[in-house]
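Trainee: I'd like to ask some things about the structure below.
The values are calculated or read from the model by the stated rules, or taken from the named source; none is laboratory data. Worth saying up front: this structure is predicted, and the values here are computed from it rather than measured. FYI the Cβ positions are ideal-geometry reconstructions off the backbone, even for glycines, and counts take in every protein chain you see.
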Amino acid sequence: MHSDPDSKLILACQASPMTGLEGPFRELYELYKDRVYNVCYRISGNPSDALDAAQETFGILFRKLREFRFESKFSSWVYRIAVNAAIDLRRRNSSRKLTSLDALQDTRDTGSRVPARFDPADERIEMPIHAASRHELEREVQRAIQRLSPKLRAITVLRYIENLSYEQIAETLQISIGTVKSRLARAHDMLDRELTPVLDRYYLG
């Protein structure tokens, strides 16, 4: 417990009456709201579903907070709830047409980030003639992520969007490090196939 950077805040929440989003509960919400939304957005594929999944995540989080016993890091528990909420929502909505990815709002407004290896906004490599294509590249990356299976999508988001270590991902998803590595390898292969032509077009013109 003492190695968990959130332990003092969680204990304060557990000791406080839940009378609304105030006090330590407000502090906890502010600490995690962007991270939770970002995970839900990348997995669900659109802002509306991401908001619903994030709300569901915090609903579960606050209902079960007093049951948390620090058997894992609190952040891992939060990510696990968010991933499951986003995947479950996507499955429930699979019978309806999802919002077009072309209509996604600019990721600068959502707080989303492109995986480092595919980052089109790196000023060290970007040429001025590519600036107009930046948003199209971001959309292509998002489309490629959305074509992954839910398990591979979750792995990709946690590793490249949230920058979690293999150990943190294993703890979050309750799988072995070997499984993390094998799923990431499969995700890499699929993303490389999807994005190599796009990146060639973007960087080579």
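Trainee: When residue 12 is evaluated against the numbered criteria (1) surrounded by fewer than 19 Cβ atoms within 10 Å (Cβ to Cβ); (2) touching a Cys at 6+ places or on another chain (Cβ under 7 Å), which criterion, by number, is the only one it fails?
Mentor: (2)
Trainee: Looking at this structure, is residue 193 of a type in the set (Lys, Arg), out of contact with any strand residue (DSSP E or B) (no Cβ under 6 Å at 6 or more places or on another chain) and in contact (Cβ under 8 Å) with a residue 24 or more places away in the chain? Outline the logic, then answer.
Mentor: Details: of a type in the set (Lys, Arg): yes; out of contact with any strand residue (DSSP E or B) (no Cβ under 6 Å at 6 or more places or on another chain): yes; in contact (Cβ under 8 Å) with a residue 24 or more places away in the chain: no.
Here the answer is no, as residue 193 does not meet what is asked.
Trainee: Something else about it: Is there a residue in the stretch 179-199 that is assigned to a helix (DSSP H, G or I) and in contact with a Phe, Trp or Tyr (Cβ under 6 Å, 6 or more places away or on another chain)? Break it down into steps so the answer makes sense when it comes.
Mentor: First, pick out the residues of the stretch 179-199 that are assigned to a helix (DSSP H, G or I): 179-199.
Checking which are in contact with a Phe, Trp or Tyr (Cβ under 6 Å, 6 or more places away or on another chain) leaves us with 180.
Yes, some residue in the stretch 179-199 is assigned to a helix (DSSP H, G or I) and in contact with a Phe, Trp or Tyr (Cβ under 6 Å, 6 or more places away or on another chain).
Trainee: Going through 84, 46 one at a time, which residue ends up being surrounded by 14 or more Cβ atoms within 10 Å (Cβ to Cβ) and either out of contact with any helix residue (DSSP H, G or I) (no Cβ under 8 Å at 6 or more places or on another chain) or farther than 25 Å from residue 159 by Cβ (or both)? Before you say what the answer is, go through the steps one by one.
Mentor: Numbers: 46 fails: either out of contact with any helix residue (DSSP H, G or I) (no Cβ under 8 Å at 6 or more places or on another chain) or farther than 25 Å from residue 159 by Cβ (or both).
The conditions single out 84.
Trainee: Among the candidates 62, 70, 58, which residue alone is over 13 Å from the mean Cα position of the chain (by Cα), of a type outside the set (D, E, K, R), modelled with pLDDT of 95 or more and surrounded by 15 or more Cβ atoms within 10 Å (Cβ to Cβ)? Explain how you work it out, then say what you get.
Mentor: On the way: 62 fails: modelled with pLDDT of 95 or more; 70 fails: modelled with pLDDT of 95 or more.
None of the others qualify; the one that does is 58.
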